[in-house]
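Reviewing the structure listed below.
The values are calculated or read from the model by the stated rules, or taken from the named source; none is laboratory data. Not measured: the values here are computed from a predicted model. For neighbour counting, all protein chains shown are included, and Cβ atoms are generated from backbone atoms with ideal geometry for every residue, glycine included. For the accessible areas, the whole protein counts, side chains as well, though only heavy atoms, and no ligand, DNA or RNA atoms are used. Shrake-Rupley method; radii C 1.70, N 1.55, O 1.52, S 1.80 Å.
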Amino acid sequence: MRKISYFLALCLSICLGIIACQSPTPEMKAIPIGIAVAQTSNVALLGQEQVLGAKLAETYFNDRGGVQGTPIKLVFQDTGGDEQGASNAFTTLINQDKVVAIVGPTLSQQAFSASPIADRAGVPVIAPSNTAKGIPQIGKFVSRVSAPVTAVAPKAIEAVLQKNPTIKRVAVFYAQDDAFSKSETEVFQKTVKEKNLELVTVQTFQTKDTDFQTQITNALQFKPDLVIISGLAADGGNLVKQLRELDYKNPIIGGNGLNTSNLFSVCKQFCDGIFIAQAYSPELDSPINKAFRSLYEQQKQQVPPQFTAQAFTAVQVIVEALGKVENPTSLPLETLREKLNAAILANSYDTPLGKISFTPEGEIVQSQFYVAQIEMDSSGEKGRFKFIS
Ligand code: 1QQ
(Lines give C-alpha, C1' and ligand atoms only; values in the text may rest on other atoms or scores of the structure.)
Protein backbone atom coordinates (compact mmCIF):
# COMPACT_ATOMS: atom_id res chain seq x y z
CA MET A 1 0.00 0.00 0.00
CA ARG A 2 2.72 2.34 1.04
CA LYS A 3 4.62 1.43 -2.10
CA ILE A 4 1.55 2.19 -4.26
CA SER A 5 0.99 5.63 -2.70
CA TYR A 6 4.69 6.39 -3.07
CA PHE A 7 4.39 5.39 -6.72
CA LEU A 8 1.29 7.58 -7.19
CA ALA A 9 2.96 10.54 -5.50
CA LEU A 10 5.99 10.11 -7.73
CA CYS A 11 3.78 9.99 -10.85
CA LEU A 12 1.89 13.06 -9.74
CA SER A 13 5.04 15.07 -9.10
CA ILE A 14 6.55 14.04 -12.44
CA CYS A 15 3.32 14.99 -14.22
CA LEU A 16 3.17 18.35 -12.46
CA GLY A 17 6.83 18.84 -13.27
CA ILE A 18 6.22 18.18 -16.94
CA ILE A 19 3.22 20.52 -16.98
CA ALA A 20 5.25 23.22 -15.21
CA CYS A 21 8.16 22.77 -17.59
CA GLN A 22 6.01 22.85 -20.67
CA SER A 23 3.83 25.80 -19.75
CA PRO A 24 5.22 28.78 -21.65
CA THR A 25 6.69 31.75 -19.81
CA PRO A 26 3.97 34.41 -19.52
CA GLU A 27 3.84 36.39 -22.75
CA MET A 28 5.40 39.86 -22.63
CA LYS A 29 2.92 42.73 -22.85
CA ALA A 30 5.59 45.01 -24.28
CA ILE A 31 9.16 44.17 -25.24
CA PRO A 32 11.63 46.13 -23.07
CA ILE A 33 14.59 47.71 -24.90
CA GLY A 34 17.21 49.51 -22.79
CA ILE A 35 18.46 52.98 -23.67
CA ALA A 36 21.65 53.86 -21.78
CA VAL A 37 22.87 57.27 -22.92
CA ALA A 38 24.07 60.46 -21.21
CA GLN A 39 21.03 62.41 -20.02
CA THR A 40 23.10 64.44 -17.54
CA SER A 41 26.70 65.79 -17.36
CA ASN A 42 28.65 67.61 -20.08
CA VAL A 43 28.07 64.62 -22.37
CA ALA A 44 24.29 65.28 -22.29
CA LEU A 45 24.92 67.89 -25.02
CA LEU A 46 25.28 64.81 -27.24
CA GLY A 47 23.06 62.38 -25.32
CA GLN A 48 19.92 64.55 -25.46
CA GLU A 49 19.82 64.13 -29.21
CA GLN A 50 19.95 60.36 -28.78
CA VAL A 51 17.04 60.27 -26.31
CA LEU A 52 14.82 61.95 -28.87
CA GLY A 53 15.90 59.63 -31.69
CA ALA A 54 15.08 56.55 -29.62
CA LYS A 55 11.69 57.96 -28.59
CA LEU A 56 10.76 58.80 -32.18
CA ALA A 57 11.56 55.21 -33.18
CA GLU A 58 9.42 53.86 -30.33
CA THR A 59 6.43 55.89 -31.56
CA TYR A 60 7.06 55.15 -35.22
CA PHE A 61 7.39 51.37 -34.87
CA ASN A 62 4.65 50.93 -32.27
CA ASP A 63 2.27 52.82 -34.58
CA ARG A 64 3.10 50.14 -37.16
CA GLY A 65 2.31 47.19 -34.91
CA GLY A 66 5.56 46.87 -32.93
CA VAL A 67 6.99 43.35 -33.21
CA GLN A 68 4.45 40.93 -34.65
CA GLY A 69 1.71 42.87 -32.84
CA THR A 70 3.53 43.31 -29.51
CA PRO A 71 4.65 46.89 -28.77
CA ILE A 72 8.17 47.77 -27.67
CA LYS A 73 8.78 49.76 -24.49
CA LEU A 74 11.97 51.80 -24.05
CA VAL A 75 13.54 51.70 -20.60
CA PHE A 76 15.89 54.65 -19.99
CA GLN A 77 18.83 54.55 -17.57
CA ASP A 78 20.98 57.68 -17.48
CA THR A 79 24.70 56.94 -17.85
CA GLY A 80 25.97 60.42 -17.05
CA GLY A 81 29.28 61.17 -18.72
CA ASP A 82 31.68 58.65 -17.17
CA GLU A 83 32.54 54.96 -17.23
CA GLN A 84 31.04 54.10 -13.83
CA GLY A 85 27.69 55.67 -14.73
CA ALA A 86 27.55 53.69 -17.96
CA SER A 87 28.45 50.41 -16.22
CA ASN A 88 25.76 51.00 -13.57
CA ALA A 89 23.13 51.81 -16.19
CA PHE A 90 23.98 48.66 -18.17
CA THR A 91 23.88 46.47 -15.04
CA THR A 92 20.46 47.82 -14.02
CA LEU A 93 19.03 47.34 -17.50
CA ILE A 94 20.32 43.77 -17.69
CA ASN A 95 19.45 42.50 -14.21
CA GLN A 96 16.58 44.64 -13.00
CA ASP A 97 14.78 45.85 -16.12
CA LYS A 98 15.43 42.57 -17.96
CA VAL A 99 15.73 44.26 -21.35
CA VAL A 100 16.16 42.23 -24.52
CA ALA A 101 18.93 44.51 -25.82
CA ILE A 102 20.67 47.81 -25.03
CA VAL A 103 21.23 50.91 -27.17
CA GLY A 104 24.22 52.80 -25.75
CA PRO A 105 26.38 54.20 -24.33
CA THR A 106 27.07 57.68 -25.74
CA LEU A 107 30.88 57.66 -25.62
CA SER A 108 33.41 55.06 -26.74
CA GLN A 109 35.22 55.90 -23.49
CA GLN A 110 32.17 54.56 -21.64
CA ALA A 111 31.66 51.61 -24.00
CA PHE A 112 35.03 50.07 -23.22
CA SER A 113 33.84 49.71 -19.59
CA ALA A 114 30.11 49.06 -19.96
CA SER A 115 29.71 46.98 -23.13
CA PRO A 116 31.83 44.05 -21.84
CA ILE A 117 29.28 43.71 -18.99
CA ALA A 118 26.46 43.16 -21.49
CA ASP A 119 28.64 40.93 -23.62
CA ARG A 120 29.39 38.65 -20.65
CA ALA A 121 25.67 38.53 -19.80
CA GLY A 122 24.73 37.64 -23.39
CA VAL A 123 22.78 40.85 -23.97
CA PRO A 124 22.97 42.45 -27.43
CA VAL A 125 24.35 46.00 -27.46
CA ILE A 126 23.98 48.36 -30.39
CA ALA A 127 26.29 51.35 -30.05
CA PRO A 128 24.48 54.39 -31.45
CA SER A 129 27.49 56.73 -31.42
CA ASN A 130 30.69 54.85 -30.50
CA THR A 131 33.10 55.52 -33.36
CA ALA A 132 36.50 54.61 -31.88
CA LYS A 133 38.58 51.76 -33.20
CA GLY A 134 37.85 48.45 -31.45
CA ILE A 135 34.17 48.80 -30.47
CA PRO A 136 32.68 45.81 -32.38
CA GLN A 137 35.68 43.77 -31.24
CA ILE A 138 34.59 44.11 -27.58
CA GLY A 139 32.60 40.93 -28.01
CA LYS A 140 30.13 38.97 -30.07
CA PHE A 141 27.11 40.75 -28.57
CA VAL A 142 28.42 44.23 -29.44
CA SER A 143 27.68 45.93 -32.77
CA ARG A 144 27.35 49.54 -33.85
CA VAL A 145 25.33 51.73 -36.21
CA SER A 146 27.86 54.57 -35.85
CA ALA A 147 30.39 54.36 -38.66
CA PRO A 148 33.99 54.28 -37.41
CA VAL A 149 36.30 57.29 -37.45
CA THR A 150 38.27 55.69 -40.29
CA ALA A 151 35.21 55.91 -42.57
CA VAL A 152 34.10 59.41 -41.63
CA ALA A 153 36.95 61.69 -40.48
CA PRO A 154 38.99 61.76 -43.75
CA LYS A 155 35.94 63.17 -45.59
CA ALA A 156 36.24 66.44 -43.69
CA ILE A 157 39.87 66.93 -44.72
CA GLU A 158 39.03 66.16 -48.35
CA ALA A 159 36.17 68.71 -48.34
CA VAL A 160 38.33 71.45 -46.79
CA LEU A 161 41.09 70.85 -49.33
CA GLN A 162 38.61 71.12 -52.17
CA LYS A 163 37.55 74.54 -50.93
CA ASN A 164 41.03 75.66 -49.85
CA PRO A 165 43.61 73.95 -52.08
CA THR A 166 46.50 76.06 -50.78
CA ILE A 167 46.38 74.62 -47.25
CA LYS A 168 49.75 73.21 -46.19
CA ARG A 169 50.35 73.63 -42.45
CA VAL A 170 48.03 71.76 -40.10
CA ALA A 171 47.71 72.01 -36.29
CA VAL A 172 45.90 69.19 -34.50
CA PHE A 173 44.27 69.34 -31.06
CA TYR A 174 42.79 66.38 -29.18
CA ALA A 175 41.38 65.39 -25.80
CA GLN A 176 43.86 62.91 -24.38
CA ASP A 177 41.46 61.55 -21.72
CA ASP A 178 38.87 60.33 -24.23
CA ALA A 179 39.09 57.08 -26.22
CA PHE A 180 37.14 58.39 -29.20
CA SER A 181 39.21 61.59 -29.45
CA LYS A 182 42.45 59.61 -29.36
CA SER A 183 41.17 57.26 -32.04
CA GLU A 184 39.85 60.06 -34.26
CA THR A 185 43.02 62.15 -34.04
CA GLU A 186 45.07 59.16 -35.21
CA VAL A 187 42.94 59.04 -38.36
CA PHE A 188 43.11 62.82 -38.86
CA GLN A 189 46.89 62.82 -38.42
CA LYS A 190 47.33 59.89 -40.80
CA THR A 191 45.14 61.57 -43.43
CA VAL A 192 47.08 64.85 -43.09
CA LYS A 193 50.29 62.98 -43.90
CA GLU A 194 48.70 61.00 -46.74
CA LYS A 195 47.55 64.27 -48.33
CA ASN A 196 51.13 65.56 -48.15
CA LEU A 197 50.22 68.27 -45.69
CA GLU A 198 52.59 69.32 -42.93
CA LEU A 199 51.55 68.39 -39.39
CA VAL A 200 53.13 71.40 -37.64
CA THR A 201 51.99 70.72 -34.06
CA VAL A 202 49.87 68.36 -31.94
CA GLN A 203 48.29 69.91 -28.82
CA THR A 204 46.45 67.99 -26.10
CA PHE A 205 43.78 68.87 -23.54
CA GLN A 206 41.17 67.20 -21.27
CA THR A 207 37.44 67.01 -22.00
CA LYS A 208 36.65 68.95 -18.80
CA ASP A 209 39.06 71.81 -19.64
CA THR A 210 37.63 75.27 -20.24
CA ASP A 211 40.81 77.29 -20.81
CA PHE A 212 42.93 76.54 -23.87
CA GLN A 213 45.12 79.68 -23.99
CA THR A 214 48.39 77.80 -23.50
CA GLN A 215 47.78 75.24 -26.24
CA ILE A 216 46.46 77.89 -28.64
CA THR A 217 49.43 80.19 -28.07
CA ASN A 218 51.78 77.25 -28.69
CA ALA A 219 49.98 76.25 -31.87
CA LEU A 220 49.65 79.73 -33.38
CA GLN A 221 53.44 80.14 -33.32
CA PHE A 222 53.46 77.58 -36.14
CA LYS A 223 51.11 79.70 -38.28
CA PRO A 224 48.71 76.86 -39.23
CA ASP A 225 46.47 77.11 -42.32
CA LEU A 226 44.09 74.55 -40.79
CA VAL A 227 43.17 73.48 -37.25
CA ILE A 228 41.63 70.05 -36.59
CA ILE A 229 39.94 69.34 -33.25
CA SER A 230 39.02 65.97 -31.72
CA GLY A 231 37.16 66.49 -28.46
CA LEU A 232 33.59 66.71 -27.17
CA ALA A 233 31.04 69.50 -27.54
CA ALA A 234 31.72 71.70 -24.49
CA ASP A 235 35.53 71.59 -24.65
CA GLY A 236 35.54 71.64 -28.46
CA GLY A 237 33.20 74.63 -28.55
CA ASN A 238 35.30 76.59 -26.07
CA LEU A 239 38.46 75.75 -27.96
CA VAL A 240 36.96 77.08 -31.22
CA LYS A 241 35.78 80.24 -29.45
CA GLN A 242 39.19 80.92 -27.90
CA LEU A 243 41.02 80.19 -31.18
CA ARG A 244 38.94 82.90 -32.89
CA GLU A 245 39.31 85.30 -29.94
CA LEU A 246 43.08 84.87 -30.23
CA ASP A 247 42.74 85.85 -33.88
CA TYR A 248 43.09 82.51 -35.65
CA LYS A 249 41.34 83.16 -39.00
CA ASN A 250 41.88 80.03 -41.09
CA PRO A 251 39.56 76.98 -41.44
CA ILE A 252 38.68 74.67 -38.56
CA ILE A 253 37.61 71.03 -38.78
CA GLY A 254 35.67 69.65 -35.83
CA GLY A 255 35.42 65.92 -35.25
CA ASN A 256 32.35 63.90 -34.34
CA GLY A 257 32.26 65.22 -30.77
CA LEU A 258 31.40 68.69 -32.10
CA ASN A 259 28.64 67.33 -34.30
CA THR A 260 25.66 68.88 -32.52
CA SER A 261 23.70 72.12 -32.63
CA ASN A 262 24.20 72.20 -28.86
CA LEU A 263 27.64 73.53 -29.81
CA PHE A 264 26.08 76.81 -30.98
CA SER A 265 25.45 78.09 -27.45
CA VAL A 266 29.12 77.44 -26.58
CA CYS A 267 30.98 79.06 -29.49
CA LYS A 268 28.11 81.29 -30.76
CA GLN A 269 29.15 83.39 -33.80
CA PHE A 270 32.63 81.76 -33.64
CA CYS A 271 31.08 78.38 -34.61
CA ASP A 272 30.56 79.84 -38.09
CA GLY A 273 32.43 77.94 -40.80
CA ILE A 274 33.45 74.81 -38.84
CA PHE A 275 33.65 71.77 -41.13
CA ILE A 276 32.25 68.49 -39.74
CA ALA A 277 31.94 65.15 -41.55
CA GLN A 278 28.57 63.43 -41.23
CA ALA A 279 27.27 59.86 -41.23
CA TYR A 280 23.72 61.13 -41.86
CA SER A 281 22.10 63.54 -44.29
CA PRO A 282 18.57 64.89 -43.73
CA GLU A 283 18.34 65.12 -47.54
CA LEU A 284 18.51 61.35 -48.09
CA ASP A 285 15.64 60.56 -50.43
CA SER A 286 13.97 57.47 -48.96
CA PRO A 287 10.55 56.84 -47.40
CA ILE A 288 11.97 55.93 -43.98
CA ASN A 289 14.16 59.04 -43.85
CA LYS A 290 11.29 61.26 -44.90
CA ALA A 291 9.06 59.73 -42.20
CA PHE A 292 11.80 60.14 -39.58
CA ARG A 293 12.54 63.69 -40.67
CA SER A 294 8.90 64.70 -40.55
CA LEU A 295 8.43 63.21 -37.04
CA TYR A 296 11.51 65.14 -35.90
CA GLU A 297 10.44 68.40 -37.52
CA GLN A 298 7.04 68.23 -35.83
CA GLN A 299 8.88 68.44 -32.49
CA LYS A 300 11.89 70.61 -33.24
CA GLN A 301 11.14 72.80 -36.27
CA GLN A 302 14.57 72.01 -37.72
CA VAL A 303 16.16 69.14 -39.63
CA PRO A 304 17.31 66.13 -37.59
CA PRO A 305 20.96 65.78 -36.59
CA GLN A 306 23.20 62.73 -36.97
CA PHE A 307 23.06 61.51 -33.35
CA THR A 308 19.26 61.49 -33.43
CA ALA A 309 19.22 59.58 -36.73
CA GLN A 310 21.71 57.02 -35.41
CA ALA A 311 19.72 56.42 -32.20
CA PHE A 312 16.53 56.00 -34.25
CA THR A 313 18.40 53.53 -36.45
CA ALA A 314 19.66 51.51 -33.46
CA VAL A 315 16.11 51.03 -32.18
CA GLN A 316 14.91 50.25 -35.70
CA VAL A 317 17.53 47.51 -36.09
CA ILE A 318 16.40 45.89 -32.82
CA VAL A 319 12.71 46.06 -33.76
CA GLU A 320 13.25 44.64 -37.24
CA ALA A 321 15.62 41.92 -36.00
CA LEU A 322 13.06 40.92 -33.31
CA GLY A 323 10.59 40.55 -36.16
CA LYS A 324 12.84 37.88 -37.69
CA VAL A 325 12.88 35.78 -34.50
CA GLU A 326 10.14 33.14 -34.34
CA ASN A 327 7.66 33.74 -31.49
CA PRO A 328 10.01 36.13 -29.71
CA THR A 329 7.68 36.88 -26.81
CA SER A 330 7.30 33.25 -25.79
CA LEU A 331 11.03 32.49 -25.60
CA PRO A 332 12.97 32.45 -22.33
CA LEU A 333 14.84 35.78 -22.04
CA GLU A 334 18.29 34.25 -22.42
CA THR A 335 17.30 32.45 -25.63
CA LEU A 336 15.61 35.54 -26.99
CA ARG A 337 18.73 37.67 -26.40
CA GLU A 338 20.90 35.09 -28.16
CA LYS A 339 18.56 34.75 -31.16
CA LEU A 340 18.07 38.50 -31.37
CA ASN A 341 21.82 39.05 -31.57
CA ALA A 342 22.13 36.53 -34.39
CA ALA A 343 19.23 38.20 -36.24
CA ILE A 344 20.73 41.69 -35.80
CA LEU A 345 23.95 40.58 -37.49
CA ALA A 346 22.30 38.49 -40.22
CA ASN A 347 19.89 41.04 -41.68
CA SER A 348 20.02 44.31 -43.58
CA TYR A 349 17.98 47.42 -42.89
CA ASP A 350 16.64 50.40 -44.80
CA THR A 351 17.21 53.20 -42.27
CA PRO A 352 17.44 57.01 -42.15
CA LEU A 353 21.22 56.47 -42.56
CA GLY A 354 20.57 54.61 -45.83
CA LYS A 355 20.75 50.87 -46.40
CA ILE A 356 22.95 49.25 -43.75
CA SER A 357 24.04 45.80 -42.64
CA PHE A 358 26.74 44.38 -40.37
CA THR A 359 29.95 42.42 -40.74
CA PRO A 360 29.99 39.16 -38.74
CA GLU A 361 31.95 41.07 -36.10
CA GLY A 362 29.23 43.73 -35.70
CA GLU A 363 30.80 46.59 -37.68
CA ILE A 364 28.30 48.68 -39.64
CA VAL A 365 28.37 48.43 -43.42
CA GLN A 366 27.30 51.86 -44.66
CA SER A 367 28.06 53.52 -47.97
CA GLN A 368 27.11 57.20 -47.77
CA PHE A 369 28.97 59.93 -45.89
CA TYR A 370 28.76 63.70 -46.11
CA VAL A 371 30.37 66.93 -44.94
CA ALA A 372 28.58 69.93 -43.49
CA GLN A 373 29.70 73.41 -42.57
CA ILE A 374 28.19 75.35 -39.69
CA GLU A 375 26.49 78.58 -40.66
CA MET A 376 25.60 80.98 -37.82
CA ASP A 377 23.16 83.87 -38.21
CA SER A 378 24.35 87.42 -37.53
CA SER A 379 23.10 87.36 -33.91
CA GLY A 380 25.37 84.37 -33.24
CA GLU A 381 22.47 82.66 -31.46
CA LYS A 382 21.01 80.49 -34.21
CA GLY A 383 22.81 78.28 -36.67
CA ARG A 384 22.56 75.32 -38.97
CA PHE A 385 24.58 72.59 -40.60
CA LYS A 386 24.86 73.36 -44.29
CA PHE A 387 25.71 70.25 -46.30
CA ILE A 388 28.53 70.87 -48.81
CA SER A 389 29.24 67.33 -49.96
C1 1QQ B 1 32.56 58.36 -29.47
C2 1QQ B 1 32.00 59.45 -30.28
C3 1QQ B 1 31.38 60.57 -29.58
C4 1QQ B 1 31.69 61.88 -30.18
C5 1QQ B 1 29.90 60.31 -29.61
C6 1QQ B 1 29.05 61.28 -28.94
O7 1QQ B 1 32.03 59.37 -31.51
O8 1QQ B 1 32.71 58.49 -28.25
O9 1QQ B 1 32.89 57.33 -30.07
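Restriction of the chymotrypsin sites (Phe, Trp or Tyr not before Pro) in the stretch 162-207 to DSSP coil positions whose beta-carbon has at most 15 other beta-carbons within 10 angstrom yields no sites.
Relative contact order of the chain: 17 percent, from C-alpha pairs under 8 Å at least 6 residues apart in sequence.
In the context of the full set of protein chains, the chain has a per residue accessible area of 43 Å² (1.4 Å probe).
If packing is taken as the average number of other Cβ atoms within 10 Å across a peptide's residues, how do 313-322, 112-121 rank, most packed first?
Working: 313-322: 25.5, 112-121: 20.1.
Result, highest mean Cβ count within 10 Å first: 313-322, 112-121.
Between the helical axis of 333-346 and the dominant principal axis of the chain, each derived from Cα atoms, what acute angle in degrees is found, rounded to the nearest 10? Tilt of helix 333-346: around 50 degrees.
For residue 358, the residues whose amide H sits under 5 Å from its own are 365, ignoring neighbours fewer than 5 places away on the same chain, with H placed 1.01 Å from N.
Working note: Debye formula, equal point scatterers on the alpha-carbon atoms of the stretch 291-389, no solvent; log10 I(q)/I(0) at q = 0.11 Å⁻¹ is -0.47. The heavy atoms of residue 355 present about 150 square angstrom of accessible area, all protein chains included, probe 1.4 Å.
With 0.36 nm allotted per residue and the present C-alpha distance subtracted, the residue 73-residue 97 stretch has 7.5 nm of extension available.
The angle between the Cα long axis of helix 179-194 and the main principal axis of the chain comes to about 50°, on a 0 to 90 degree scale.
Compute the FRET efficiency between residue 163 and residue 59 as 1/(1 + (r/R0)^6), taking r as their Cβ-Cβ distance and R0 = 41 Å, and round to the nearest 0.05.
Taking R0 as 41 Å, the efficiency between residue 163 and residue 59 is 0.55.
Solvent-accessible surface (1.4 Å probe) assigned to residue 209 amounts to roughly 50 Å². Among 245, 326, 158, the sequence by solvent-accessible area, most first, with a 1.4 Å probe is 326, 245, 158. Ordered from highest to lowest accessible area with the whole protein assembly present and a 1.4 Å probe, 202, 172 read as 202, 172. Tell me, what is the FRET efficiency for residue 286 and residue 220 to the nearest 0.05, using R0 = 56 angstrom and their Cβ-Cβ distance as r? Here the calculated transfer efficiency is 0.80.
Only alpha carbons enter this Debye calculation for the chain, each as an equal point scatterer, and the log10 of I(q)/I(0) it gives at q = 0.10, 0.14 Å⁻¹ is -0.64, -1.14.
Placing R0 at 30 angstrom, the Cβ-Cβ distance between residue 377 and residue 176 gives a FRET efficiency of 0.30 after rounding to 0.05. In terms of the Cα gyration tensor, with a ≥ b ≥ c the square roots of its eigenvalues, is the stretch 243-294 rounded because a/c is under 1.5, prolate because a/b exceeds b/c, or oblate? Since a/c reaches 1.5 and a/b is larger than b/c, the shape of the stretch 243-294 is classed as prolate. Rounded to the nearest 10 degrees, the angle from helix 2-22 to the longest Cα principal axis of the chain is 30 degrees. Subtracting the Cα-Cα distance of residue 249 and residue 29 from their residue separation scaled by 0.36 nm leaves 73.4 nm.
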